[in-house]
1. Report the residue, chosen from 63, 20, 103, that carries the largest GNM mean-square fluctuation when the chain is represented by alpha-carbon nodes joined by springs under 10 Å.
2. Name all residues of the stretch 41-66 having a backbone nitrogen under 19 Å from the label point set 7 Å from the Cα of residue 80 along its Cα→Cβ direction, giving them as ranges.
3. How many nm separate the modelled label positions at residue 43 and residue 73, each set 7 Å beyond the Cα in the direction of the Cβ?
4. Using 0.36 nm per residue, how much length does the chain from residue 27 to residue 105 gain when fully extended, once their Cα-Cα distance is taken away?
5. With n ≥ 4 as the cut-off for DSSP H runs, can you work out [θ] at 222 nm for the chain, using -39500 (n - 2.57) per run divided by the number of residues, rounded to the nearest 500?
6. Mind telling me which of 107, 17, 88 comes out most flexible in a GNM of the chain, alpha-carbon contacts under 10 Å?
7. Shape call for the stretch 39-106 from the C-alpha gyration tensor, a ≥ b ≥ c root eigenvalues: rounded (a/c under 1.5), prolate (a/b greater than b/c) or oblate?
8. Specify whether the C-alpha gyration tensor of the chain places it in the rounded, prolate or oblate class, a ≥ b ≥ c being the square roots of the eigenvalues: rounded for a/c under 1.5, otherwise prolate if a/b is larger than b/c and oblate if not.
């Protein structure tokens, strides 16, 4: 049996993962060409670098236990095959909108593009 399999099974059996096992570091990557203008903090996107072994462990856990991980039906971000567009055009939003309009009411719908917010999130 592989050494990694033994290690991962030990993590699962004991329910303990060493604190530094998932440690990584963040690297700023420029979003645009810095040769044409002076760069500011907003011109960078952070990526996190973590160990291959910890990523393999995450994939193994997800593969084995994903059926037990539940999310709300009202969550659209960070889910496979779903996006903000699905939330906007979902039958619920459409039905509510049509109900108000058919009753002669005015309705205002606001959507927010929070893509820039994730550039500033401390992950």
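Only the coordinates and a few stated rules stand behind these numbers; no lab work does. Computed from a prediction, not measured in an experiment: that's the story for all the values here. Every residue, glycine among them, receives a Cβ derived from its backbone with ideal geometry; neighbour counts consider all protein chains shown.
1. Per the Cα network of the chain with a 10 Å cutoff, 103 tops the list.
2. 55-66
3. 4.8
4. Gain in length upon complete extension: 23.0 nm.
5. Result for the chain, helices only: -11000 deg cm²/dmol.
6. Most flexible of the set in this elastic network: 107.
7. It comes out oblate by the Cα gyration axes.
8. Oblate, because a/c is 1.5 or more while a/b does not exceed b/c.
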